[in-house]
Structures are given as structure tokens and as C-alpha cells.
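Worksheet: the structure to be examined is printed underneath.
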Amino acid sequence: MVNAVEAIPGMTNVSSRIDVGDRPLTLHGVETAAQIHRFFYTYNGINGNFYLQVSYDGKGTYDHAFVTMGKAPPQAVIDRIHPALGQIESALEMKCGVVNLTSAVKERCFGVRCSGI
């Protein structure tokens with residue numbers, strides 16, 4: 001996945017790590033902890049990150065957020081980083097086999113205008 005993201009023009013400093021998530025309690029007992037695959041990058045000078053979480057039953061969650069502390073980020077920054085979001089999703093789907101990722105993504109923007117909308 002790191003290689004797929006690094007191949008996107010303007011992308012630098014791509015790295016990853018694996019974290020351990022929660023251990024849900026089910027009717028079968030306490031399940032195996034979720035794996036959280038975190039990815040960090042710089043796109044045209046803007047730092048971003050996303051993660052894929054895989055639960056004990058093999059179900060995955062994708063989250064890619066860009067936020068700033070205490071206020072909405074400047075619209076100019078959103079306009080610069082927004083193209084990377086779709087490019088990352090496409091790369092993960094096409095090069096890494098993350099099935100139906102681009103069609104499953106639901107974009108939400110708070111306090112700013114989503115680029116291209």
C-alpha cells in the first residue's frame with residue numbers, strides 16, 4: 001500500500017504502522033483485537049493520514065480525514081489536498097485489491113466546501 005500511495009504525483013514521506021484496536025465481546029467470548037493499518041503522507045506540502053481497520057471477522061473500515069484543531073481548515077488547503085483523497089482511494093482499489101473502496105466512500109465536509117462540488 002505504501003508503494004501504491006508513493007506512486008501518486010506530489011506524494012512524499014509515505015509511511016505506515018500497525019496498531020491494535022479493541023477486542024469486542026461477542027456471544028462467543030472476547031474476540032481477537034482489530035488490526036489498524038495507519039498510513040501517513042505528505043501531499044504537496046500538506047500532511048495527511050488514513051487508516052484501514054480489520055476486525056476479527058474480516059470486515060474492514062476505511063477512514064481518511066483531514067482536520068485542524070479548533071476550526072475548519074482554510075478552503076485553499078482543502079482545495080490543494082482534495083485531489084489526493086480520490087487518488088489514494090483509487091490506488092488502494094486498483095493496485096492493492098481493496099474491493100469497491102471508491103464506490104463505498106461517503107465524503108463529508110464540515111465548515112468548508114468539498115472541492116469539485
### Query
When region 68-115 is examined, which residues are found to be within 17 Å of Gly10 (Cβ to Cβ) and among the small types (Gly, Ala, Ser)?
Ala76, Ala84, Gly86, Ser90, Ala91, Ser115
#### Entry: Search result, residues across region 94-103 that are assigned to a helix (DSSP H, G or I) and among the aliphatic types (A, V, I, L, M)
Met94, Leu101
### Message
For the structure I just gave you, tell me whether Leu52 is in contact with a strand residue (DSSP E or B) (Cβ under 8 Å, 6 or more places away or on another chain), at negative phi, surrounded by 15 or more Cβ atoms within 10 Å (Cβ to Cβ) and in a helix (DSSP H, G or I).
### Response
no
### Query
Looking at region 13-26, which of its residues are of a type in the set (A, V, I, L, M, F, W, C) and either surrounded by 15 or more Cβ atoms within 10 Å (Cβ to Cβ) or touching a helix residue (DSSP H, G or I) at 6+ places or on another chain (Cβ under 8 Å) (or both)?
Val14
### Task
Please work out which residue is nearest to Gly48 (Cα to Cα), limiting yourself to region 61-93 and to residues that are touching a residue at least 40 places away in the same chain (Cβ under 8 Å) and part of a helix (DSSP H, G or I).
Ala84
### Message
Testing Tyr62 on (1) farther than 21 Å from Asn100 by Cβ; (2) at pLDDT 90 or above, one condition comes back false. Which one is that?
### Response
(1)
### Query
So, of the residues in region 27-44 that are free of Cβ contacts under 8 Å to residues at least 24 places away in the same chain and farther than 20 Å from Glu107 by Cα, which turns out to be surrounded by the most Cβ atoms within 10 Å (Cβ to Cβ)?
Ala34
### Query
Out of the residues in region 9-42 that are closer than 28 Å to Phe66 by Cα, in contact with a strand residue (DSSP E or B) (Cβ under 9 Å, 6 or more places away or on another chain) and not in a strand (DSSP E or B), which is modelled with the highest pLDDT?
Gly10
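The values are calculated or read from the model by the stated rules, or taken from the named source; none is laboratory data. For clarity, every value in this text was computed on a predicted model and none was experimentally measured. All Cβ positions, even for glycine, are placed from backbone atoms using ideal geometry, and neighbour counts span all protein chains on display.
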